[in-house]
Amino acid sequence: MRPALSVNNIVKYFHEPETIQVLKEISFAVQPGEFLALVGKSGSGKSTLLYLLSTMDTDYEGTIDINGTRLTGLKQNELARFRNEHIGFVFQFHYLLPEFSVLDNVMLPALKLGKLSPEQIRTKALELLYKLDIKGHENKKASRISGGQQQRVAIARALINDPAIIMGDEPTGNLDSKNTKVVFDIFRQLARESGQTIVAVTHDDEFAANCDRVIEMVDGKILAG
Ligand SMILES: Nc1ncnc2c1ncn2[C@@H]1O[C@H](COP(=O)(O)OP(=O)(O)O)[C@@H](O)[C@H]1O
Ligand SMILES: [Mg+2]
């Protein structure tokens, strides 16, 4: 089976304030439908790695492939398009547009992609919001709903373009245990039922223990996986 994500010999340096090697020959592959947890102490390089995987940072050595597409070396506009179409992101802080409605926040990435009509996108966004139990809030401003609801809206937004791979940097870092379970169960279901691949950085041992596989980072290297 072709891996959903394949990372080969990734090396990354930061040069400010001094040169440090943050990532040291990282290689691993993730299969379609796999739910992977990325764990490790603060400063071990998890966010840096996820930033590379999500194509936001292109300053590295080595190669990154997603679903058979070699992302390393693509131009910024090609990466932006690939990202919008194939990768969904969920962060610890949701980064919703506070003045826009819940529905508009979810619709935006699909409007930008332009594959469906606005009416189709609206229908799909509403279905996602209902699935994530956000019924009745779709016309509220994003700033006017609770933190747990905002995080679920951010997940709906990440899913609107049916990404093959969903990446989260501490997606439950800001949530109480009840909402953490809700988000975990959503990811679990996406991997199992839709074959979507999940890569999630987490500090939550219980969250990690229930994933399919755990990769631990220590000092810029992969310890186990
Ligand atoms: N933009 C940056 N410039 C310089 N150093 C950075 C930058 N971002 C992160 N670092 C350093 O890289 C290392 C890894 O950081 P990070 O990837 O954020 O770790 P984690 O997410 O595992 O806590 C740390 O030593 C951090 O200080
Ligand atoms: Mg981090």
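The values are calculated or read from the model by the stated rules, or taken from the named source; none is laboratory data. These numbers come from a predicted model, not from an experiment. Glycine gets a Cβ as well: all are built from the backbone with ideal geometry, and neighbour counts include every protein chain shown. The area values use the complete protein model at the heavy-atom level, side chains included, leaving out ligands, DNA and RNA. Shrake-Rupley method; radii C 1.70, N 1.55, O 1.52, S 1.80 Å.
Per-structure values
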{"read-out": "Selected residue (only one of LYS135, LYS124, LYS131 is away from ligand 2 (no atom under 16 Å from the Cβ), open to solvent by 20 Å² or more (accessible area, probe 1.4 Å) and more than 29 Å from ASP204 (Cα to Cα))", "value": "LYS124"}
{"read-out": "Looking only at the stretch 174-204, and only at residues there that are within 16 Å of ligand 1 (Cβ to nearest atom) and of a type outside the set (Val, Ile, Thr), the one that is most open to solvent (accessible area, probe 1.4 Å)", "value": "HIS203"}
{"read-out": "Considering residues of the stretch 205-225 that are touching a Leu at 6+ places or on another chain (Cβ under 6 Å) and within 15 Å of ligand 2 (Cβ to nearest atom) only, the residue most open to solvent (accessible area, probe 1.4 Å)", "value": "GLU216"}
{"read-out": "Selected residue (criterion: nearest to ligand 1 (Cβ to nearest atom)) from residues of the stretch 56-73 that are out of contact with any strand residue (DSSP E or B) (no Cβ under 7 Å at 6 or more places or on another chain) and closer than 19 Å to ALA164 by Cβ", "value": "MET56"}
{"read-out": "Residue within the stretch 159-173 that is polar (S, T, N, Q), open to solvent by less than 50 Å² (accessible area, probe 1.4 Å) and either in contact with a Ser or Thr (Cβ under 9 Å, 6 or more places away or on another chain) or closer than 27 Å to LEU23 by Cβ (or both) present", "value": "yes"}
{"read-out": "Tally, over the stretch 39-93, of residues that are within 16 Å of ligand 2 (Cβ to nearest atom) and surrounded by 14 or more Cβ atoms within 10 Å (Cβ to Cβ)", "value": "17"}
{"read-out": "Contacts under 6 angstrom Cβ, first residue in the stretch 34-53 being under 17 Å from LEU223 (Cα atoms) and more than 8 Å from ligand 1 (Cβ to nearest atom), partner of a type in the set (Lys, Arg) and in a strand (DSSP E or B), 6 or more apart", "value": "LEU36/ARG213"}
{"read-out": "Flag for GLY147 being under 30 Å from MET217 (Cα atoms), among the small types (Gly, Ala, Ser) and crowded, with 19+ Cβ neighbours inside 10 Å", "value": "no"}
